[in-house]
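K.L.:
The structure's right below; bear with me while I get my questions together.
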Amino acid sequence: MIVTIYATVITLQSLWGWYKMLAGSDRYIGLIRRYMVVHGLRLRFKAFWGDVVICLLLCVVFLIILYAHQIINDIDAKLNNHARPDPRRIV
């Protein structure tokens with residue numbers, strides 16, 4: 001959890017830095033912007049489609065496991081509360 005938050009913060013800071021750099025009005029910055037747009041449009045998404053599907057499936061499996069873990073913890077808590085009699089209660 002901590003590593004995920006750290007990686008997200010670092011990625012957002014990096015993207016913000018790139019945005020600030022590429023938002024300049026210098027002639028060479030404009031050239032770099034056009035260069036990045038052209039190469040972004042030339043990407044072959046079909047080559048990456050299999051990896052994208054695998055990443056999405058792994059995310060779905062992670063969410064299912066996380067949900068199942070929460071359900072198991074809830075069941076355990078309910079069983080522990082129900083199975084232990086109150087020692088102050090006289091039968």
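K.L.:
Taking other Cβ within 10 Å of each residue's Cβ, how do M1, M36 sort, fewest first?
P.N.:
If I rank by nearby Cβ atoms, fewest first, I get M1, M36.
K.L.:
Neighbour counts of other C-beta atoms within 10 Å: give me I2, I29, I64 arranged from fewest to most.
P.N.:
Sorted ascending by nearby Cβ count, the order is I2, I64, I29.
K.L.:
Helix-only mean residue ellipticity at 222 nm, the chain, DSSP H runs n ≥ 4 weighted -39,500 (n - 2.57), per residue, nearest 500. What is it?
P.N.:
So the calculated ellipticity at 222 nm is -29000 deg cm²/dmol.
K.L.:
A further question follows. Could you work out the per residue convex hull volume over the alpha carbons of the range 1-43, in cubic angstrom?
P.N.:
66
K.L.:
What does the convex hull of the Cα atoms of the chain come to per residue, in Å³, rounded to a whole number?
P.N.:
Normalising the Cα hull of the chain by residue number yields 136 Å³.
K.L.:
Right, here's the next one. Could you state the angle between the C-alpha long axis of helix 45-83 and the longest principal axis of the C-alpha atoms of the chain, as a value from 0 to 90 degrees rounded to the nearest 10?
P.N.:
Between the helix axis and the principal axis of the chain, the angle is about 20 degrees.
Bear in mind these aren't lab numbers, they're just calculated from the coordinates by the rules spelled out. The shown structure was predicted, so the numbers you read here are calculated from the model rather than taken from an experiment. Please note: Cβ atoms are built from the backbone with ideal geometry, for glycine as well, and neighbour counts cover all protein chains shown.
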